[in-house]
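Just below is one structure, and these are the notes that go with it.
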Amino acid sequence: MACLRVGDSLHQAVDSRKEVGQAVGRLMERYKLDAVQAFTVLQRYSQDRNQRLSIVARHVIDTGRLPE
């Protein structure tokens, strides 16, 4: 059972990383940022709103915009 939980956690981590990468790409395109700047923006929004980075990233992917 522990192996299944570890496997699930790894899959979630990979999925989250993919979403963050997609969100970074969207921010780069929309706001003409480089990758470091775009990731920093996501990270700051996540911290300022006390939301997980993956949730902020999903919002950017779904809407093409940063959360209000």
Which pairs have Cβ atoms under 7 Å, sit 6 or more apart or on different chains, and link a residue in the stretch 1-26 that is at pLDDT 70 or above to one that is outside any helix (DSSP H, G or I)?
Arg26/Gly64
Within the bounds of the stretch 43-57, is there any residue that is among the hydroxyl-bearing types (Ser, Thr, Tyr), in a helix (DSSP H, G or I) and free of Cβ contacts under 8 Å to residues at least 24 places away in the same chain?
yes
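The values are calculated or read from the model by the stated rules, or taken from the named source; none is laboratory data. No experiment lies behind these values; they were computed from the predicted model shown. Every residue, glycine among them, receives a Cβ derived from its backbone with ideal geometry; neighbour counts consider all protein chains shown.
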